[in-house]
1. When segment 1-30 is examined, which residues are found to be within 19 Å of ALA202 (Cα to Cα) and among the charged types (D, E, K, R)?
2. Hey, among the residues in segment 135-172 that are modelled with pLDDT under 95 and of a type in the set (Val, Ile, Thr), which one's nearest to GLY40 (Cα to Cα)?
3. Here's a check for you: in segment 132-160, which residue that is surrounded by 14 or more Cβ atoms within 10 Å (Cβ to Cβ) and among the β-branched types (Val, Ile, Thr) is nearest to ASN111 (Cα to Cα)?
4. If you take the residues of segment 1-37 that are among the basic types (Lys, Arg) and either crowded, with 18+ Cβ neighbours inside 10 Å or not in a helix (DSSP H, G or I) (or both), which of them is farthest from the chain's Cα centre (by Cα)?
5. Yes or no: THR159 more than 23 Å from GLN95 (Cα to Cα) and in the same structural domain as LEU82 (by TED's automatic domain parsing)?
6. Of all residues being of a type in the set (Gly, Ala, Ser) and in contact with a strand residue (DSSP E or B) (Cβ under 8 Å, 6 or more places away or on another chain) in segment 1-25, which is nearest to ILE60 (Cα to Cα)? Just the residue, please.
7. Is there a residue in segment 100-114 that is surrounded by fewer than 20 Cβ atoms within 10 Å (Cβ to Cβ), outside the structural domain of VAL34 (by TED's automatic domain parsing) and over 28 Å from ARG22 (Cα atoms)?
8. What number of residues in segment 93-124 are at pLDDT 95 or above, out of contact with any helix residue (DSSP H, G or I) (no Cβ under 6 Å at 6 or more places or on another chain), of a type outside the set (Gly, Ala, Ser) and part of a helix (DSSP H, G or I)?
Amino acid sequence: MKVSKNELIASLKKAFEGLGFRSGDYQDAADMVVWLETHGFDGFERLQAALIYLNATKPIHAELVQEDTHNAVLDGRGTSILLCGSEAVDLVRSQVMLGSCAAIELFDCYNRSFIMQRLVKAAQRNYAFIAYWRQLDYCVKVSIEAGAALPEYQTFTITEVLEPQSLRVFCGTSLEAIEKQYALQLQFGTLLETYTGEEMIACYQDSLEGGIEIDEALWRTLDDLVTRVLVPSTDSSRAGAGGS
C-alpha cells in the first residue's frame, strides 16, 4: 500500500508515543524513519528491526559517562538511535559552540543509520559532521558540510577494531577543520561504494510523487501501537466531548 509523507509522519509519531516515547522524542524518531525511507536507506526495514526491541522494553536513554572540553562518551545502554540520536548530536554540537571541533563516541547502541537525519538537520545550523560506524563487515562513513542539505554516504573496508554497536560523531565549523583536527581518527580502508546526493534526491522525489510504499503488515503494527494512546470511548468521555 502507498501513503503520503504527512500520513506516515502522523502515524509514526503516534506509534512512537504508544511505545512510551516522550514529546519531542517521538517527533524526532518519526522524522528519522521517514528520512531514511524516502532517501533510499530502507527506513522501514530498519524500523521493523528496531520495533522488536522497542516493543519489549521501556524507553531507555543514553548515559553520559565521560566528558571533557571537546570530547564525550555516551553509554547507549542497549537502546536505539531513535531514542538517543538527538541527544548525541546536540551534545557534540554544544561542545563546538565553545570553540574548535568536538567528538563523541556512543557505544552499545543500535539502529545507527538513523543518525543521518539528525546530522542533516543539525547541519542546517552551519555545523559540519563526520560520523562512522561498523555495519556487518564494512565501515560506513557519513559526511555533511555545514549548511548542506544532503550528506555523502560511503562504505570502506575495516582497518581498525570497531565495536559492533558503537558510533563516532565528529563536529566542527567545516569538514576541513574536522579532518585536520581528527586526522588520526579519520583514516579508512579501501573505498567500496559511494551513494551520491543525486541518488538520494531522485529517491526522495519518487517518494513524493508516487507515494511511499509501506508493507501492510507494518502499517497494521503501527495502527496497533497508535491505539495505545487513543482515549477509550466511554459514556463519560462521550458526555464530556460536547463541551458547554
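The values are calculated or read from the model by the stated rules, or taken from the named source; none is laboratory data. The structure presented is a predicted model; accordingly, all values stated were derived computationally and were not measured. Reconstructed Cβ throughout: ideal geometry from the backbone, glycine too, with neighbour counts over all protein chains shown.
1. Scanning segment 1-30 gives LYS2, LYS5.
2. My answer is ILE158.
3. Filtering segment 132-160 for residues that are surrounded by 14 or more Cβ atoms within 10 Å (Cβ to Cβ) and among the β-branched types (Val, Ile, Thr), the one nearest to ASN111 (Cα to Cα) comes out as VAL140.
4. Among those residues, the one meeting the criterion is LYS2.
5. yes
6. Filtering segment 1-25 for residues that are of a type in the set (Gly, Ala, Ser) and in contact with a strand residue (DSSP E or B) (Cβ under 8 Å, 6 or more places away or on another chain), the one nearest to ILE60 (Cα to Cα) comes out as SER11.
7. The answer is yes, given that some residue of segment 100-114 is surrounded by fewer than 20 Cβ atoms within 10 Å (Cβ to Cβ), outside the structural domain of VAL34 (by TED's automatic domain parsing) and over 28 Å from ARG22 (Cα atoms).
8. Number satisfying all stated conditions: 4.
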